[in-house]
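**Student:** Okay, handing you the structure first.
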Amino acid sequence: MSSSDRSHAVDVQDSKTYEVRTYGCQMNVHDSERLSGLLEGAGYVRAPEGSDGDADVVVFNTCAVRENADNKLYGNLGRLAPMKTKRPGMQIAVGGCLAQKDRDTIVKKAPWVDVVFGTHNIGKLPVLLERARVQEEAQIEIAESLEAFPSTLPTRRESAYAAWVSISVGCNNTCTFCIVPALRGKEKDRRTGDILAEIEALVGEGVSEITLLGQNVNAYGSDIGDREAFGKLLRACGRIEGLERVRFTSPHPRDFTDDVIAAMAETPNVMPQLHMPMQSGSDTVLKAMRRSYRQDRFLGIIEKVRASIPHAAITTDIIVGFPGETEEDFEQTMHAVREARFSAAFTFQYSKRPGTPAATMEGQIPKEVVQARYERLVALQEEISWDENKKQVGRTLELMVAEGEGRKDGATHRLSGRAPDNRLVHFTKPDQDVRPGDVVTVEITYAAPHHLLAEGAVLDVRRTRAGDAWEKRNAAQAAKPAGVMLGLPKIGAPEPLPAMTGSGCGSD
């Protein structure tokens, strides 16, 4: 976007508003940042929080992972139909994985939808909206392959101190429970130079933490024939001045090689945190899932990571009740959880993904059996999470102050931040001004299963360029009544990992 675009103010009353609703994985969250950037580049203004469909353009960025994903979408579309009738010129667009899968079905079931676009052509949204307006008919455009890497598109990032950086799209695996490869295509890697250039630009704007993002992030390099490319990328991130924290999600055990562990251990700004989906501890179930590792291999990786990075916090995803799972299979999962001692596990009850091999497998498990196993697994993991968090009591940690992660902060007079290992810490609000993106040093005094407390005085506050960027962004937003600035700095923060129940592509 040109400098003239950056300085161009649009009167709120003359501007069309937009709302983007996001479902599913981190990839969808990042895609929605792109969609917001595209709409703002086309002159739209973000609708106020709580608009609930009261916008000129409402975009649904959908997920096809859950069995009832389409019911949820059509229910939401149905609630918007009367609003659209009362609001001439309002447009509704549907994109993402469900749009890629269902295509023409969406407009047949909800003929008031104006635009349907897929996962490969999100950059076309403004053009499709305009075409639908001029031609007065729905525009359906689903590309079968990636037209442009999403990171080449403008972005409206959600906050100022951290950012997603996409390094690949698509996936080459064939897990029987997952529909992602069919909807996002084969893995396509982004050029290393382009990735590092984006990170350097973000750091220049004040970002101090980045999360490398890919459907199978550590398979990076398979598209260019370099099996050690991901480890090299981590080390290259370590040479970027001003970049304080590097994370990545989600890796696959198959591609988790020793050079990646070495790069994590030897690169100071790569955080001591690993989220690696296990899915099941049963070799039989893993084979049925078409996962290319077994329990011993998975636990071996965990052992190597802990040997190289003793304070690493390791989290995982687990599916309970996969077709054919016996009580013995489930006990193998419980055994693996006891051995791995995850700091947290995102546990999911198996849900049929339409279009996947697992959806038609024999041996579908009754709901009541799945629920009982799920509750046993959650109880075990809660106990382990609490025990592992108790080990943090007495440690002195540097926290990056976070925005909006402590729901009770106002009532408790606390602030919240993330430790290097990504644990959430609530700490006593210091007397001096502390901004999201700043860094504080605290001593941990109490542990709960899902968070830590630092109840004493803050030991140190370090004001950062990330905090400056947050302050600058807030000042710009506070000036909005007189005009909305388009093309604000493209900076932001990933959302926290999903809650303990739910599902998304990130769990695959």
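Yes/no per residue for (1) at pLDDT 95 or above; (2) within 22 Å of residue 467 (Cα to Cα); (3) not aliphatic (A, V, I, L, M):
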position	(1), (2), (3)
211	no, yes, yes
214	no, no, yes
231	yes, no, yes
244	yes, yes, yes
265	yes, no, no
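**Student:** Of the residues 342, 348, 330, only one is part of a strand (DSSP E or B) and buried (at least 16 other Cβ atoms within 10 Å of the Cβ); which? Walk me through how you get there before you give the answer.
**Tutor:** Values: 342 fails: part of a strand (DSSP E or B); 330 fails: part of a strand (DSSP E or B).
From the options 342, 348, 330, the qualifying one is 348.
**Student:** OK, next. Give the residues of segment 304-319 that are part of a loop (DSSP other than H, G, I, E, B) and either polar (S, T, N, Q) or surrounded by 15 or more Cβ atoms within 10 Å (Cβ to Cβ) (or both), sorted by residue number.
**Tutor:** 309, 312
**Student:** On to the next question. Quick one: in segment 203-220, which of the residues that are more than 17 Å from residue 270 (Cα to Cα) and touching a residue at least 60 places away in the same chain (Cβ under 8 Å) is most open to solvent (accessible area, probe 1.4 Å)?
**Tutor:** Checking each candidate, the answer is 205.
**Student:** So residue 323 passes all but one of these: (1) assigned to a helix (DSSP H, G or I); (2) surrounded by fewer than 22 Cβ atoms within 10 Å (Cβ to Cβ). Which condition number does it fail?
**Tutor:** Here residue 323 clears every test but (1).
**Student:** From 425, 393, which residue is closer than 14 Å to residue 456 by Cα, buried (at least 19 other Cβ atoms within 10 Å of the Cβ) and at pLDDT 95 or above?
**Tutor:** 425
**Student:** Hey, does segment 42-56 have a residue that's in a helix (DSSP H, G or I) and either of a type in the set (Gly, Ala, Ser) or open to solvent by 60 Å² or more (accessible area, probe 1.4 Å) (or both)? Step through it out loud before you land on a result.
**Tutor:** Here is the first cut: in segment 42-56, the ones in a helix (DSSP H, G or I) are none.
Looking for residues that are in a helix (DSSP H, G or I) and either of a type in the set (Gly, Ala, Ser) or open to solvent by 60 Å² or more (accessible area, probe 1.4 Å) (or both), one finds none in segment 42-56, hence no.
**Student:** Something else about it: Which residue is most open to solvent (accessible area, probe 1.4 Å), if the candidates are limited to segment 248-261 and must be assigned to a helix (DSSP H, G or I) and out of contact with any Ser or Thr (no Cβ under 7 Å at 6 or more places or on another chain)?
**Tutor:** Applying the filter and picking the extreme gives 258.
**Student:** Give the residue, chosen from 116, 29, 127, 107, that is among the hydrophobic types (A, V, I, L, M, F, W, C) and not in a helix (DSSP H, G or I).
**Tutor:** Of 116, 29, 127, 107, the one residue that is among the hydrophobic types (A, V, I, L, M, F, W, C) and not in a helix (DSSP H, G or I) is 116.
**Student:** Can you tell me which residue is modelled with the lowest pLDDT among those in segment 14-56 that are within 19 Å of residue 98 (Cβ to Cβ) and in contact with a Phe, Trp or Tyr (Cβ under 6 Å, 6 or more places away or on another chain)?
**Tutor:** 30
**Student:** Just need a number here: residues in segment 150-175 that are of a type in the set (Ser, Thr, Tyr) and at pLDDT below 85.
**Tutor:** Initial filter on segment 150-175 (of a type in the set (Ser, Thr, Tyr)): 151-152, 155, 159, 161, 166, 168, 174.
Remaining after also requiring at pLDDT below 85: 151-152, 155, 159.
The total comes to 4.
**Student:** Look at segment 176-186 and say how many of its residues are part of a loop (DSSP other than H, G, I, E, B) and either modelled with pLDDT under 85 or surrounded by fewer than 23 Cβ atoms within 10 Å (Cβ to Cβ) (or both).
**Tutor:** 5
**Student:** Here is a list of conditions, (1) out of contact with any helix residue (DSSP H, G or I) (no Cβ under 7 Å at 6 or more places or on another chain); (2) in a helix (DSSP H, G or I); (3) of a type outside the set (Gly, Ala, Ser), and residue 301 meets all of them except one; can you say which number that is?
**Tutor:** Among (1) out of contact with any helix residue (DSSP H, G or I) (no Cβ under 7 Å at 6 or more places or on another chain); (2) in a helix (DSSP H, G or I); (3) of a type outside the set (Gly, Ala, Ser), the lone unmet condition for residue 301 is (1).
**Student:** Another question, if that's okay. Among the residues of segment 76-104, which ones are in contact with a strand residue (DSSP E or B) (Cβ under 6 Å, 6 or more places away or on another chain) and outside any helix (DSSP H, G or I)?
**Tutor:** Within segment 76-104, 91, 92, 93, 94, 95, 96 meet the criteria.
**Student:** Filter segment 430-460 for residues that are open to solvent by 30 Å² or more (accessible area, probe 1.4 Å) and not in a loop (DSSP other than H, G, I, E, B) and give the result.
**Tutor:** 443, 446, 460
**Student:** Output the residues belonging to segment 351-376 that are part of a loop (DSSP other than H, G, I, E, B), open to solvent by 60 Å² or more (accessible area, probe 1.4 Å) and among the hydroxyl-bearing types (Ser, Thr, Tyr).
**Tutor:** Step one: filter segment 351-376 for residues part of a loop (DSSP other than H, G, I, E, B), giving 351-356, 361-366.
Filter once more, so that each one left must be open to solvent by 60 Å² or more (accessible area, probe 1.4 Å): 352, 355, 362, 364, 366.
Hits for segment 351-376: nothing passes.
**Student:** Right, something else. Could you please let me know if residue 198 is within 30 Å of residue 63 (Cα to Cα) and of a type outside the set (A, V, I, L, M, F, W, C)?
**Tutor:** Judged against the criteria, residue 198 is a match.
**Student:** Which members of segment 262-303 meet the condition of being among the polar types (S, T, N, Q), buried (at least 21 other Cβ atoms within 10 Å of the Cβ) and more than 17 Å from residue 347 (Cβ to Cβ)?
**Tutor:** Result: 273, single match.
**Student:** Right, residue 359: in contact with a helix residue (DSSP H, G or I) (Cβ under 9 Å, 6 or more places away or on another chain) and either touching a residue at least 40 places away in the same chain (Cβ under 8 Å) or at negative phi (or both) or not?
**Tutor:** Taking the combined requirement at face value, the residue does not satisfy it.
**Student:** Limited to segment 96-117, what total is found for residues that are open to solvent by less than 50 Å² (accessible area, probe 1.4 Å), farther than 11 Å from residue 70 by Cβ and at pLDDT 85 or above?
**Tutor:** 6
**Student:** Return the only residue of 61, 76 being in contact with a Gly (Cβ under 6 Å, 6 or more places away or on another chain) and at pLDDT 80 or above.
**Tutor:** Exactly one residue qualifies, and that residue is 61.
**Student:** Within segment 396-422, can you find the residues that are buried (at least 16 other Cβ atoms within 10 Å of the Cβ) and of a type in the set (Val, Ile, Thr)?
**Tutor:** The one that is buried (at least 16 other Cβ atoms within 10 Å of the Cβ) and of a type in the set (Val, Ile, Thr): 401.
**Student:** Out of the residues in segment 231-247 that are touching a residue at least 40 places away in the same chain (Cβ under 8 Å) and open to solvent by less than 30 Å² (accessible area, probe 1.4 Å), state the one that is nearest to residue 187 (Cα to Cα).
**Tutor:** Among residues in segment 231-247 that are touching a residue at least 40 places away in the same chain (Cβ under 8 Å) and open to solvent by less than 30 Å² (accessible area, probe 1.4 Å), the one nearest to residue 187 (Cα to Cα) is 233.
The values are calculated or read from the model by the stated rules, or taken from the named source; none is laboratory data. All of these numbers come straight from a predicted model, not from anything done at the bench. Cβ atoms come from the backbone with ideal geometry, glycine included; neighbour counts cover every protein chain shown. Keep in mind that these areas ignore ligands, DNA and RNA; they rest on the heavy atoms of the full protein, side chains included. Shrake-Rupley method; radii C 1.70, N 1.55, O 1.52, S 1.80 Å.
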